[in-house]
Amino acid sequence: MARKYLPLRGDGREYRLRLTVGGQRNLRERFQEETLQTVLLAAGDSERLCALLGEALSWPGSGNDCTDGEQFLDLLVDWGYQGQERFGALAFDLAAASGLLTAEQAGQLKGALRSAVEQAYTRMETPETAQEEKTAAPFLRA
């Protein structure tokens, strides 16, 4: 039986990512939260994302030459990964490949994250919103 994993390719190499039960336990012990919560927070938290990647690269039989989450995150950036949307999608796809989410749930989470990011930037670009925020928080004015 073939093992299921999330393949990522870059620089002519393939990396195989999967969160095993042992990896999930390591994350739960490190962050004192359920693994799914770590996955959900990883898009905006580089410490969690690096830990998630490190565990996902290190499963027995993966064949990965890089198993350090921080180094791998740097590789991803070199390959063009950027933004919370892209890193969140990676975390959700990894969770789906590892059996923590269904593909449909991962897709729904990606859509929700995309919408949240778009709304945040829309609010920043809208002059009325900027004025409301200045009025609501005068202590933030220079």
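The values are calculated or read from the model by the stated rules, or taken from the named source; none is laboratory data. Because the structure is a prediction, the values reported are computed rather than measured. Because the Cβ atoms are built from the backbone with ideal geometry, glycine has one as well, and the counts that use them run over all protein chains shown. Just the protein is used for accessible areas: all its heavy atoms, side chains included, with ligands, DNA and RNA removed. Shrake-Rupley method; radii C 1.70, N 1.55, O 1.52, S 1.80 Å.
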Backbone HN-Hα couplings from phi across segment 107-123 [Karplus 6.51/-1.76/1.60, Hz, Gly and Pro as x]: x, 5, 5, 4, x, 5, 5, 4, 5, 5, 5, 4, 5, 4, 6, 5, 5
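Can you pull the percent of the chain's accessible area that's carbon plus sulfur, 1.4 Å probe, other chains left in place? Numbers along the way, then the final one.
Working: 4240 of 8720 Å².
So the carbon and sulfur contribution to the accessible surface is 49 percent.
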Extension gain, residue 45 back to residue 68 (0.36 nm per residue minus Cα-Cα distance, nm): 6.6 nm
Table column - 3J(HN,Hα) (Hz), segment 86-94, Karplus curve with 6.51, -1.76, 1.60, x for Gly and Pro: 5, 6, x, 4, 4, 4, 5, 5, 4
Entry for Rg and Dmax of the Cα atoms in Å (calculated from the structure that is shown) out of (1) 17.8, 62; (2) 19.8, 78; (3) 16.7, 59: (1)
Label-point separation, residue 105 to residue 85 (7 Å along Cα→Cβ), nm: 2.4
Listed peptides 3-16, 87-100 by packing density, highest first (mean Cβ within 10 Å): 87-100, 3-16
Segment 9-65-segment 80-123 distance, computed between alpha-carbon centres (Å): 15
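Averaged per residue, what accessible surface does the chain expose to a 1.4 Å probe, in Å²?
Values: 8720 Å² over 142 residues.
It amounts to 61 Å² per residue over the chain.
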Inter-label distance, nm, simple model (7 Å from Cα along the C-beta direction), residue 28/residue 14: 3.1
